[in-house]
Amino acid sequence: MLTRPIHTALLASISFFLIALLSGCASTSKEEILPQDGLTMQETYEGHFKQLNQSSLESVRGANHRDITPGNGDLHGYTRDAGHEIDNLFPRLPNPTLVMYVYPHLTGEGGNPVPGYATAFPMYDGMEYALPGEVPVTLESPKPKQ
């Protein structure tokens, strides 16, 4: 009979601890956690370029001495292609086609004859893909479309 008061006291102390813990979270305001005074994003952006001794993004691009214009040259093999990337990351696993010969037989209640025939089906139900790194990847560049 002594376990009942101990159980009640334990439950009360756990409840008190949880209430104290949760009330501690509600004692601060939004302003204390996220102060609204400070630099704006524009001021931070401009300050970064001032540290680089550059006045704007265009002057940083000009410092690289590269043209950023379309049609600079043939970038085939250097650009990312979604289809090629998926084939390299997740190559298809081999799914051999099995051929089975069904011997002549009788079917149904009437014993209807069925001639022998061959049927082909894949070994696995669906197409299986390897995870990245499971199968060595061929690093051949995709062929340009003519």
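Compared with the direct C-alpha span, the chain from Val99 to Val114 gains 3.6 nm at full extension, assuming 0.36 nm per residue. A cut-off of 5 Å between modelled amide H atoms, ignoring neighbours fewer than 5 places along the same chain, links Tyr129 with Leu93.
No lab work stands behind these numbers, since they all come straight from the coordinates. The structure presented is a predicted model; accordingly, all values stated were derived computationally and were not measured.
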